[in-house]
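A quick write-up on the structure given underneath.
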Amino acid sequence: MTEPCAVCGAERANSPSDYFCSDQCQRDWHARQVVPLVSDVGTWLPSQQARPAQNWRAA
């Protein structure tokens, strides 16, 4: 017997996934796990701002 979908509880009889009944349920679950990115760079402290151009070196 298979477990129901981890997101919506539906049967996942034809799903290749062990946890989700559909791609949409998998995307919904993943969206809840991801930490949102900070969108306002202007509020970062100087120590939090990366300076990739100064740290970059050719191989």
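The numbered conditions (1) open to solvent by 90 Å² or more (accessible area, probe 1.4 Å); (2) at pLDDT below 85; (3) under 22 Å from the mean Cα position of the chain (by Cα); (4) of a type in the set (D, E, K, R) are all true for ASP40 except (1).
Could you check region 8-34 and list, in sequence order, the residues that are open to solvent by less than 50 Å² (accessible area, probe 1.4 Å) and more than 15 Å from the chain's Cα centre (by Cα)? If you could, list the steps in order and put the result at the bottom.
Going through region 8-34, the residues open to solvent by less than 50 Å² (accessible area, probe 1.4 Å) turn out to be 9-10, 12, 15, 17, 20-22, 25.
GLY9, ALA10, ARG12, SER15, SER17, PHE20, CYS21, SER22 - these are the residues of region 8-34 that are open to solvent by less than 50 Å² (accessible area, probe 1.4 Å) and more than 15 Å from the chain's Cα centre (by Cα).
A search for C-beta distances below 8 Å between a residue of region 8-20 that is part of a loop (DSSP other than H, G, I, E, B) and any residue that is β-branched (Val, Ile, Thr) and surrounded by 13 or more Cβ atoms within 10 Å (Cβ to Cβ), counting only pairs 6+ apart in sequence or on different chains, returns PHE20/VAL7.
The values are calculated or read from the model by the stated rules, or taken from the named source; none is laboratory data. None of these values were measured; they are calculated from a predicted model. Every residue, glycine as well, gets a Cβ built from its backbone with ideal geometry; the counts of neighbours run over all protein chains shown. Side chains are part of the model used for accessible areas, which takes the heavy atoms of the whole protein and leaves out ligands, DNA and RNA. Shrake-Rupley method; radii C 1.70, N 1.55, O 1.52, S 1.80 Å.
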